[in-house]
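Derivation of every value follows stated rules applied to the coordinates shown; laboratory data play no part. The structure presented is a predicted model; accordingly, all values stated were derived computationally and were not measured.
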Amino acid sequence: MTLTKTNLVLLAAGGSLALIVGAYVFQYLGFAPCKMCYWQRYPHFAAIIIGAVFLAFQWQVLPWLGAMAAAITGGIGVFHVGVEQKWWEGPASCTGGGMGDLSGADLLNLDSVRVIMCDEISWQMLGLSMPGWNALLSFGLAFVWIMAARRA
């Protein structure tokens with residue numbers, strides 16, 4: 001495969017697609033996402049859309065926007081890791097004793113509600129949690145987007 005601008009965009013957008021698919025596979029396997037996990041998904045969706053629009057129109061600014069989307073989700077992942085490791089505080093609605101976005105009716109029937117906390121590690125591999133892997137892979141995708149943006 002030749003590393004043309006289009007191939008690099010396909011690789012970067014495809015990487016975001018793979019990470020989104022992976023997130024939904026983990027969710028299907030019972031690893032429910034917290035609020036910050038969802039925040040990390042949004043820039044990946046944007047990167048996928050940016051990649052598709054680039055393929056259709058070849059607008060040269062789009063790889064830079066893809067790099068920004070990948071870097072943003074990487075940054076959110078780093079922040080999430082810091083919350084998990086208790087390096088800094090996370091959103092009150094999903095850390096510590098937070099009750100999330102529960103209504104009064106939910107509070108009366110807590111058996112059916114499971115609050116996923118942002119400061120708890122639900123899965124890790126080789127010392128990295130899911131947001132850690134997202135950050136690492138997303139920064140790699142940002143690099144691929146930048147390579148695409150710099151291609152003639």
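Some notes on this structure:
- In terms of its C-alpha gyration tensor, segment 17-71 has a prolate overall shape, because the principal axis ratio a/c (a ≥ b ≥ c, square roots of the eigenvalues) is not below 1.5 and a/b outweighs b/c.
- Alpha-carbon Rg with Dmax, taken over the chain, Å: 17.5, 61
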